[in-house]
Amino acid sequence: MDAELNRYILMNESKGLVAGYPQSMLDILGNSNIAAVHGPAHKFLRGALLSLVSPQMLRDIVLPRIDRFMSSHLTDWDGKIINLQDHTKEVIFLSIMDQIASIDPRSKRADYFKTHFFKLVLGTLSLPINLPGTNYRNGVQARKNLLSMLRQILEERKASNESYKDMLSCLMKTDENKYKLNDDEILDLELTLMYSGYETVSTTSMMALKFLHDNPKALEEIRKEHLAIRERKKPNEPINFDELKSMKFTRAVILETSRLATVVNGVLRKTTHDVELNGYLIPKGWRIYVFTREINYDTSQYPDPLSFNPWRWMEKNLESHNYFFLFGGGTRLCPAKELGITEISTFLHYILTRYRWEEVGETKLEKFPRVQAPNGMHMRFSSY
């Protein structure tokens, strides 16, 4: 829980402190997924991932896709009571599928992916007991089913002359791409993107709407930012990259939501040899849980830490302080950080410029091992 020690662990993978995620996660996400490898293999896969979410990719391919999806998908919430937990999960998942492989959200293929993907997510944080009916067995099977469908899409692309503007097409362009991946690596990378972008982004989206509902002053400020962008545009004109970059208060809201809700509680590391930390000997092969949640509530970093205060991110550049671990740290800083922020910003844009919302009943929240509302989070939406 010590900020300085946590920083040391995250910054020193080369000193025997490598990623150490649970066996169930490695089995289900694959041994060549970015969390499982280190050294040159990690550097290579990270480079391939970063090439998919570079500023140019975000501007030319990703943002237009996200905008088109959110604009058309968030249209019929007026007058409805929505379970935000279920809806943000579905919206974000379908948006990711659209970005990765242009999968139509209304297709049978999208339903197939959704069914198996939710089983895969449950399996990654389960005891690795390989018996029928366990979350682990269901997760392993879901991986096989998803890879089979992704492979089918890959083969269809190879046989087709049609050009697509999505992440899969970028990974397949071996002549232009300096990161040349084989088919298995491409499929694992797609699965990793689906998994890592889904839960953190959907939970942050849900909690942002909850915190904004509970803090009218912040809601007024962020809505003002988005209405100002809308006023300069034609009715159905998409958001452009410059406008996305101008959403300073929105970024602050997203960072404050991530901090206060602690969407990611911590990260796991494993020792490759005996390591001494603060006078304690950690034997080879032991796991270390870097509990970053504690740092999010540290009064020396964040005065009045339990209050929702997006303005704290505007006053000084908190994103560059030494103990900023909302997105991990060191060589494993989340490569898709800006992709996630783009996704949530666009989601918020269309909600804020179209709707008001009020909570129905009281929401019970659990914080560990993942942030969730066991009975759902229900909001009544009306047009703005």
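The values are calculated or read from the model by the stated rules, or taken from the named source; none is laboratory data. Note that this is a predicted model, so its numbers are computed, not measured. All Cβ positions, even for glycine, are placed from backbone atoms using ideal geometry, and neighbour counts span all protein chains on display. Keep in mind that these areas ignore ligands, DNA and RNA; they rest on the heavy atoms of the full protein, side chains included. Shrake-Rupley method; radii C 1.70, N 1.55, O 1.52, S 1.80 Å.
Checking the conditions here, which among V91, V62 is buried (at least 19 other Cβ atoms within 10 Å of the Cβ) and within 25 Å of S383 (Cβ to Cβ)?
On the way: V62 fails: within 25 Å of S383 (Cβ to Cβ).
Criteria check complete, one pass: V91.
Go through the range 87-120 residue by residue and tally those that are in contact (Cβ under 8 Å) with a residue 40 or more places away in the chain and among the hydroxyl-bearing types (S, T, Y).
Result for the range 87-120: 3.
Looking at the range 216-275, which of the residues that are polar (S, T, N, Q) and within 18 Å of Y384 (Cβ to Cβ) is most open to solvent (accessible area, probe 1.4 Å)?
So in the range 216-275, the residues polar (S, T, N, Q) come out as 236, 240, 246, 250, 257-258, 262, 265, 271-272.
Then drop every residue that is not within 18 Å of Y384 (Cβ to Cβ), which leaves 236, 250.
Details: N236: 136, T250: 0 Å².
Applying the filter and picking the extreme gives N236.
Residue check: is P105 outside any helix (DSSP H, G or I), open to solvent by 10 Å² or more (accessible area, probe 1.4 Å) and either touching a Ser or Thr at 6+ places or on another chain (Cβ under 9 Å) or under 15 Å from G30 (Cα atoms) (or both)?
Numbers: outside any helix (DSSP H, G or I): yes; open to solvent by 10 Å² or more (accessible area, probe 1.4 Å): yes; either touching a Ser or Thr at 6+ places or on another chain (Cβ under 9 Å) or under 15 Å from G30 (Cα atoms) (or both): yes.
So P105 fits the description; yes.
For the condition modelled with pLDDT of 90 or more, within 30 Å of L63 (Cα to Cα) and in a loop (DSSP other than H, G, I, E, B), what is the one hit in G340, G376, G285?
Unique residue meeting the criteria: G376.
Select, from L244, L193, the only residue that is assigned to a helix (DSSP H, G or I) and modelled with pLDDT of 95 or more. Let's see the steps before the verdict.
Values: L193 fails: modelled with pLDDT of 95 or more.
Answer to the check: L244.
Could you please tell me which pairs satisfy a Cβ distance under 6 Å, a separation of 6+ or placement on different chains, a first residue in the range 229-256 that is over 17 Å from E343 (Cβ atoms), and a second residue that is assigned to a helix (DSSP H, G or I) and among the aliphatic types (A, V, I, L, M)?
Between residues of the range 229-256 that are over 17 Å from E343 (Cβ atoms) and residues that are assigned to a helix (DSSP H, G or I) and among the aliphatic types (A, V, I, L, M), the close pairs are F249/I222.
Considering every residue within the range 158-167, establish whether at least one is farther than 26 Å from S51 by Cα, aromatic (F, W, Y) and open to solvent by 40 Å² or more (accessible area, probe 1.4 Å). Please lay out each step first, then the result.
Within the range 158-167, the subset farther than 26 Å from S51 by Cα is none.
Among the residues of the range 158-167, not one is farther than 26 Å from S51 by Cα, aromatic (F, W, Y) and open to solvent by 40 Å² or more (accessible area, probe 1.4 Å), which makes the answer no.
Listed here are the residues, each with its yes/no results for (1) open to solvent by 60 Å² or more (accessible area, probe 1.4 Å); (2) assigned to a loop (DSSP other than H, G, I, E, B).
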{"position": "R7", "(1), (2)": "yes, no"}
{"position": "S32", "(1), (2)": "no, yes"}
{"position": "A35", "(1), (2)": "no, yes"}
{"position": "I66", "(1), (2)": "no, no"}
{"position": "I82", "(1), (2)": "no, no"}
{"position": "Q99", "(1), (2)": "no, no"}
